[in-house]
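So the structure is just underneath, and the comments pick up after that.
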Amino acid sequence: MQNQLARLIKNQMFEGFLLVKNSEQRTSSNGSKFLDMTLSDVSGEFNAKMWDGAVQPPKAGTVIKVRAMMNEYNGRPQLRVDKLRAVTDKDEVDMSLLVPCAPEAPDTMEGFIRERVAKIADAELRKVVEYRLDEAGDALSYYPAAQKLHHAERSGLLHHTSTMLRMSDMVCDVYPQLDRDLLAAGVVLHDLCKITELMADESGVVSDYSREGLLLGHLVQGVSVLMRVCDQMGVREELKLMLSHMILSHHDLPEYGSPRRPMFPEAEVLHILDLLDARMFEMSYALNAIAPGTFTDRIWSLERKLYRREKPANAESGEEQN
């Protein structure tokens with residue numbers, strides 16, 4: 001496993017893969033050209049210089065292989081790059097060393113989602129969901145679910161969707177009056193337009209919101225796209241309206257972007273599962289960054305501090321506490 005950049009000390013060599021955050025060719029005071037870059041891994045990002053004017057700047061958002069030494073400039077760490085090259089198909093790049101990644105492989109999560117969708121009994125409903133997954137294309141494998149906050153990680157959209165999908169079937173076991181296929185379809189469809197709302201590269205890093213994302217947002221975009229697909233397929237009116245309502249209402253309140261609150265049980269459960277999964281992700285992320293027995297700083301999205309419990313007395317034995 002390669003060293004993390006944040007652990008390098010002065011004059012220590014590094015050889016491995018890094019993510020290019022930005023890169024440009026510049027001219028020094030003596031007229032020679034050099035590369036000025038920001039390179040990163042999961043531990044942080046660092047300025048880097050390559051004093052070879054013949055090398056073209058690598059594209060932002062790409063992964064490169066680097067041989068470099070950690071130096072200092074004005075008291076701050078700086079990489080002096082001796083060699084770099086683009087990655088090849090033979091390189092086995094572990095993206096989890098470069099950016100936050102979902103805990104499961106994208107293929108595994110997408111396979112689970114598609115397997116569940118294939119079991120939807122209503123042919124019209126199944127075809128709509130499969131069509132939208134196909135439209136999402138390769139971007140689904142790496143897209144995050146947010147620029148910040150919950151599931152802001154490579155393949156975060158798949159992570160969020162697959163987790164909610166697992167919960168949806170469990171909830172339907174407890175409440176058999178729910179239409180489990182309708183709920184599953186809502187889970188898969190509700191955030192798919194994050195792919196057009198956000199501008200993300202293949203590393204899963206979001207640079208900004210798209211024009212459509214800023215003007216419309218993924219809820220309105222989601223309804224618009226769904227209406228188009230349903231009309232193309234001749235989907236019955238009630239099903240089209242119910243799916244559209246589930247997308248439109250899954251944030252629940254106007255201040256969170258939903259002009260309508262959930263108006264039937266499956267829409268309500270979709271909102272609750274979405275909120276639960278988002279909060280569990282944010283809480284786990286925050287708590288993993290602090291020591292047991294301490295509090296986090298106030299988390300603005302949750303409007304509170306969190307406490308990380310000390311290790312339970314019977315944790316090692318696996319026994320439950322009363």
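Hey, what did segment 5-95 get for relative contact order, percent, Cα under 8 Å, at least 6 apart?
Relative contact order comes out at 30 percent.
Tell me the label-point distance for the pair V171, A118, using the 7 Å Cα-to-Cβ offset, in nm and rounded to one decimal.
2.6
More than 29 angstrom separation, counting every C-alpha pair in segment 99-284; what % is that?
Considering segment 99-284, 13 percent of its Cα-Cα pairs are separated by more than 29 Å.
Simple spin-label model, 7 Å along Cα-to-Cβ: E15 to K65 in nm?
1.0
Say R0 is 41 Å: what FRET efficiency, to the nearest 0.05, do L241 and E24 get from their beta-carbon distance?
Approximately 0.20, to the nearest 0.05.
Can you find, among A105, L306, V117, the residue farthest towards the positive end of the dipole of the chain? Put +1 on the C-beta of Lys and Arg, -1 on that of Asp and Glu.
Value computed over the given set: L306.
Please give the length that would be gained between A139 and Y307 if that part of the chain were fully extended, namely 0.36 nm times their separation in residues minus their C-alpha to C-alpha distance (nm, one decimal).
Between A139 and Y307, full extension yields 56.9 nm more.
With the dipole of the chain worked out from charges on the C-beta (+1 for Lys and Arg, -1 for Asp and Glu) around the Cα centre, which of M246, Q147, M280 lies farthest toward the positive end?
In the chain, that residue is Q147.
What FRET efficiency comes out for D82 versus F295 if R0 is 45 angstrom and r is the Cβ-Cβ distance? Round to the nearest 0.05.
Efficiency, rounded to the nearest 0.05: 0.50.
If we count trypsin sites (Lys or Arg not before Pro) as exposed when they sit in a DSSP loop and have at most 14 other beta carbons within 10 Å, what is the longest stretch of the chain that avoids them all?
Of all site-free stretches, the longest is 149-235.
To the nearest Å, what is the center-to-center distance of segment 157-235 and segment 74-114, using C-alpha atoms only?
26
Excluding Q25 itself, what net charge comes from residues whose Cβ is under 12 Å from its Cβ, given Lys and Arg +1 and Asp and Glu -1?
Around Q25, the surrounding residues sum to 0.
Mind checking the alpha-carbon convex hull of segment 191-231 and giving the volume per residue in Å³?
Convex hull of Cα atoms, per residue: 62 Å³.
Over 29 Å between Cα atoms: which of K59/K148; K21/K194; K33/K90; K65/K148; K49/K194 fall into that group?
Beyond 29 Å between Cα atoms: K33/K90; K49/K194.
Are there any GluC sites (Glu not before Pro) in segment 67-166 that are in a DSSP loop and have at most 13 other Cβ atoms within 10 Å? List them by number.
Sites meeting the loop and neighbour criteria: E92.
Using the Kyte-Doolittle scale, find the helices of the chain whose mean hydropathy is at least -0.5 and whose Cα atoms extend 30 Å or more along the helix's long axis, counting only whole DSSP H runs.
The answer, listed by residue number, is 265-287.
Determine, for Y285, Y143, Y256, the number of other Cβ atoms within 10 Å of each Cβ, and report the residues in order from fewest to most.
In increasing order of surrounding Cβ atoms, one gets Y256, Y285, Y143.
Need one number: nm distance between label points at E212 and M280, each 7 Å from Cα along Cα→Cβ, rounded to one decimal.
3.1
To one decimal place, what Kirkwood hydrodynamic radius in Å is obtained for segment 5-95 from all pairs of distinct Cα atoms?
13.4
If I stretch the segment between S43 and D231 completely, what's the gain in nm (0.36 nm per residue apart, minus their alpha carbon distance), one decimal?
62.9 nm is the gain from fully extending S43 to D231.
Pairwise over distinct Cα atoms, reciprocal of the mean inverse distance: report the Kirkwood radius of the chain in Å, one decimal place.
22.3
Computed from the coordinates by the stated procedures, all read-outs in this text should not be read as laboratory data. Everything quoted here is computed from the prediction, not taken from an experiment. Neighbour counts are summed over all protein chains in view; Cβ atoms, including those assigned to glycine, are modelled from backbone coordinates with ideal geometry.
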